[in-house]
Structure formats: structure tokens, C-alpha cells
Amino acid sequence: MTPDSPVLTGLYDVIHRRRDVRAQFTGEPIDADALARVLGAAHAAPSVGLSQPWDFVLVNDRALRKAFYEHVQEERLVFAGQLEGEQGKRFARIKIDGVLEASLSIVVTYDAERGAPAVLGRHAISDAGLYSVCLAIENLWLACTAEGMGMGWVSFYREDFLTRLLGIPDGIRPVAWLCVGPVSHLEDVPDLERHGWRRRVPLDRVLHTDRW
């Protein structure tokens, strides 16, 4: 396959266009077929020992989303209280979620008991199952981007709160609250870079050969 192959060009385009979306959701309904495709892409992710330790909770209920949104705002204040000076001012300008604006929320969970006790490949690295869930989330993110939708990962929450809110069973860990839906556009520059929070480091600063 040549570098200018449409398949390769499309793949790398999606990877680099992907954004953590917060402010660009339109709230329009998600096409049912498109939703099935992106969830199918997530479920097609590789997993340690083929354990497929993920579940997807589709959250449409407005009251649940409002309760989660309010919790997120409380956690925003907790984080803001740790900041000083210019850093605090920059954070005040950053939108951290699209919970109420997005068409749908998807909560992805991790079940460490799925495939247990003999999960092939996990005996030496206990977090391998959690890594598998993250691969499913990345598949979902790229599929949403390819479908012309946006996705945002909300991390300002306490796991025990989300567990109670959605009635997640004991032993199942919530890994991500994802906001998903049609968007007006995807920003060319990621939000945190645009607001001056952090800059992406060049590849050569994190690249090593043979040894660290």
C-alpha cells in the first residue's frame, strides 16, 4: 500500500482530525445506523485474552445527565481551587464538558471478572483489561470522527458517584463518560492548545531507541 493510498490517507486524516469535543455539539439526533456502526467499531477492539471486558451504557435521560452535569461542575470547582494566577484564569475560560449539549452520553465500563479467572495474557499485567477498554474507547472516538460526529471524554467525576447514579453493579468500574453527537465543526487546534493550557510536544522528544 502506497503512502498516497486513499485508505491510508483517510485513516491518518481521521486520527489527526479527532478532537475532544465540548462546545461544538448541535444536539441533533444521531442516525440510528451511524450509532450502530460506531458502537460496532468499539466492540471490535482488541482485548486481552479476548475477554471483551467492556459494557456501554447509553444515557438519554435528561434528569440523569443533569445530575451528572451538576456533579461535574462541583468537581470543576475542586480542581479550580488548586490553581493560582494565570493558570487559574486560563482554566476559567476552558469548557470541560458537553454533557447537556451532546445528543447522547455513553458510559463505558470495565468488568475485571469477564473471562476470569484465567484471562490469557493478564496474569502478569493486571491493568491489561483496563487497557482493552481504552482501546474500545479509541475505536469509538475514531469512528465518530469518520462519521462526521464529535466525541468528548468527561473526566471530572468521582467513580462512586457515577456508579450510584447509573446503578452500576458491584465490581464493575466506570471508565469513561463520553459525550457523542453531531457537531457544527471540529476545531483545527485542540481546545487546551487554543487556550494556552498545554502544547503538544514534538515526537522526537518522546522517541527512544533500544533503551531509554
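The values are calculated or read from the model by the stated rules, or taken from the named source; none is laboratory data. What you see is a predicted model; the values in this text were computed from it and never measured. Methodologically, a virtual Cβ is constructed for each residue, glycine included, from the backbone with ideal geometry; neighbour enumeration extends over all protein chains shown.
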Quick check on this structure: which one of ARG22, ARG17, ARG93 is under 21 Å from VAL189 (Cα atoms) and in contact with a Lys or Arg (Cβ under 7 Å, 6 or more places away or on another chain)? ARG22
Result of the Cβ filter at 9 Å on the stretch 4-16, keeping first residues that are more than 22 Å from MET151 (Cα to Cα) and partners that are of a type outside the set (A, V, I, L, M, F, W, C) and not in a helix (DSSP H, G or I), at least 6 apart or interchain, is LEU8/THR2
Failed item, numbered, when LEU100 is tested on (1) outside any helix (DSSP H, G or I); (2) touching a residue at least 40 places away in the same chain (Cβ under 8 Å); (3) of a type in the set (A, V, I, L, M, F, W, C); (4) under 23 Å from HIS185 (Cβ atoms): (2)
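Is it the case that GLU70 is without any contact (Cβ under 8 Å) to a residue 12 or more places away in the chain and on the phi < 0 side of the Ramachandran plot?
Working: without any contact (Cβ under 8 Å) to a residue 12 or more places away in the chain: yes; on the phi < 0 side of the Ramachandran plot: yes.
In short, yes.
The rows are residues; the columns are (1) assigned to a loop (DSSP other than H, G, I, E, B); (2) at pLDDT 95 or above; (3) in contact with a helix residue (DSSP H, G or I) (Cβ under 9 Å, 6 or more places away or on another chain); (4) surrounded by fewer than 19 Cβ atoms within 10 Å (Cβ to Cβ).
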{"position": "ASN139", "(1), (2), (3), (4)": "no, yes, yes, no"}
{"position": "THR163", "(1), (2), (3), (4)": "no, yes, no, yes"}
{"position": "ARG173", "(1), (2), (3), (4)": "no, yes, yes, yes"}
{"position": "GLU187", "(1), (2), (3), (4)": "yes, no, yes, yes"}
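Could you grab me the full set of residues in the stretch 143-153 that are assigned to a strand (DSSP E or B) and out of contact with any helix residue (DSSP H, G or I) (no Cβ under 6 Å at 6 or more places or on another chain)?
Kept after step one, since they are assigned to a strand (DSSP E or B), are these residues of the stretch 143-153: 149-153.
Matches in the stretch 143-153: MET149, GLY150, GLY152, TRP153.
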